[in-house]
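The values are calculated or read from the model by the stated rules, or taken from the named source; none is laboratory data. Fair warning: this is a prediction, and the values are worked out from it, not measured in the lab. Here the Cβ is made from the backbone with ideal geometry for all residues, glycine too, and neighbour counts use every protein chain on show. Ligands, DNA and RNA are excluded from the accessible area calculation, which covers all protein heavy atoms including side chains. Shrake-Rupley method; radii C 1.70, N 1.55, O 1.52, S 1.80 Å.
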Amino acid sequence: MEKIEKVAREAALRAGELQKSRVGKVKSLDYKSAFNIVTDVDKASEALIIETIKASFPNDAFLAEESGAESGKQESARRWIIDPLDGTTNFAHSYPFFCVSIGVEEKGEMVLGVVYNAIASEIFVASQGQGATLNGEKIAVSNRTTLDTSLLATGFPPDTLKSVHHNMDSFRTITNMCHGVRRDGSAALDLCFVASGRLDGFWERKLAPWDVAAGSLIVREAGGKVTNLEDGPLDMTSGHILATNGKIHEEVVKALALSTAAK
């Protein structure tokens, strides 16, 4: 695991430094859908990450946001789940809240998560059973025990205008029950902020596996709880996630159920 972590860190740092050097200098911007964009920096970051990993682990499998799934050779049970630039819209507008997210899965279990916020020079790392760190120092979730004293974050899917599951009702309900709900546009960083106690909880719908793979492990290793929105096991392919410090989890589940029932 030591070598895997070293390579993941190196890949994240290389991509993050590229991003930092290109803030405000986007050369091309395309649309995957009406509100889902991709820049040349997303693509360049992903290529750099995969190149770095393949130099040490040429037979591993990959699932990456821009290039999709790439199967490795049969002898490898390891898969790297990569979001090369989580928070692309932020990056395109020079809003300083974006990151590199790299998760490593072995035999269906997340074993390593690395999230690098280059603008803030913060690297979050978690290894299965070893806890979570920020720049090498141990981190832990908050101790707040009630929703009404908590600060949370959420996000909205690109199809918000068309979808009945657009999260607006949940956003309104929970905003009225807590200190506030932030919407900063990077699920991976939101999860890391839960892990480090800056936020007490985060929920979102319709995310991709690369959005949550690394961050979900970082929250768990920091002592938090990660489930689906109904308090069941997290399924990264479903896109629905709730991560909290564990102490307010049940309250948030009930609040989400209340907002859904009110529709």
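Taking a ≥ b ≥ c as the square roots of the eigenvalues of the Cα gyration tensor, segment 194-263 is oblate, since a/c reaches 1.5 or more and a/b is not larger than b/c. Computed over the chain, the per-residue total of -39500 (n - 2.57) for DSSP H runs of n ≥ 4 gives a 222 nm mean residue ellipticity of -10000 deg cm²/dmol, rounded to 500.
Quick one: length gained pulling Ala55 to Lys20 fully straight, 0.36 nm per residue minus the C-alpha distance?
Result: 10.2 nm gained on full extension.
Please identify the longest segment of the chain free of exposed GluC sites (Glu not before Pro), where exposed means a DSSP state other than H, G, I, E or B and no more than 16 other Cβ atoms within 10 Å. With a cap of 16 other Cβ atoms within 10 Å, the longest stretch comes to 76-229. From the cross-link list Lys20/Lys247; Lys6/Lys107; Lys54/Lys247; Lys138/Lys247, which pairs have alpha carbons spaced over 30 Å apart? Lys20/Lys247; Lys54/Lys247, as the Cα separations exceed 30 Å there. Given axes a ≥ b ≥ c from the Cα gyration tensor, I'd like to know whether segment 100-150 is rounded (a/c under 1.5), prolate (a/b larger than b/c) or oblate. Note, shape of segment 100-150 comes out oblate. In this calculation the C-beta distance from Lys254 to Asn143 is compared with R0 = 22 Å, giving a FRET efficiency of 0.60. Shape of segment 39-154 from its Cα gyration tensor (a ≥ b ≥ c, root eigenvalues): rounded if a/c is under 1.5, otherwise prolate when a/b > b/c, or oblate? Oblate is the answer for segment 39-154, as a/c is 1.5 or above yet b/c matches or exceeds a/b.
For segment 88-162, the set of trypsin sites (Lys or Arg not before Pro) satisfying both a DSSP loop assignment and a count of at most 16 other C-beta atoms within 10 Å is given as Lys107, Lys162. For the chain, the solvent-accessible area with a 1.4 angstrom probe is 44 square angstrom per residue. Using r as the Cβ-Cβ distance of Arg172 and Ala77, and R0 as 41 Å, what FRET efficiency do you calculate, to the nearest 0.05? So, using R0 = 41 Å, E works out to roughly 0.40.
Here each label is just a point 7 Å from Cα along the line to Cβ, and for Glu230 and Lys6 those points are 4.5 nm apart. The rule of thumb for compact globular proteins, 2.2 N^0.38 Å, goes into the C-alpha radius of gyration of segment 112-263 0.97 times. With kT/(6 pi eta Rh) evaluated at 10 °C and eta = 1.306 mPa s, and Rh the Kirkwood radius from Cα pairs, segment 178-235 diffuses with a coefficient of 137 µm²/s according to Stokes-Einstein.
Length gained on full extension, Ala208 to Ser121: 28.8 nm, using 0.36 nm per residue less the C-alpha separation. Could you work out which residue, out of Thr173, Thr88, Thr227, moves most in a Gaussian network model of the chain, that is, has the largest mean-square fluctuation with Cα springs under 10 Å? Greatest mean-square fluctuation among the candidates belongs to Thr173.
By accessible area, using a 1.4 Å probe on protein heavy atoms only, segment 182-263 has 52% of its surface on carbon and sulfur. Once the gyration tensor of the Cα atoms in the chain is diagonalised, the equivalent ellipsoid follows with semi-axes of 28, 21, 17 Å, ordered largest first.
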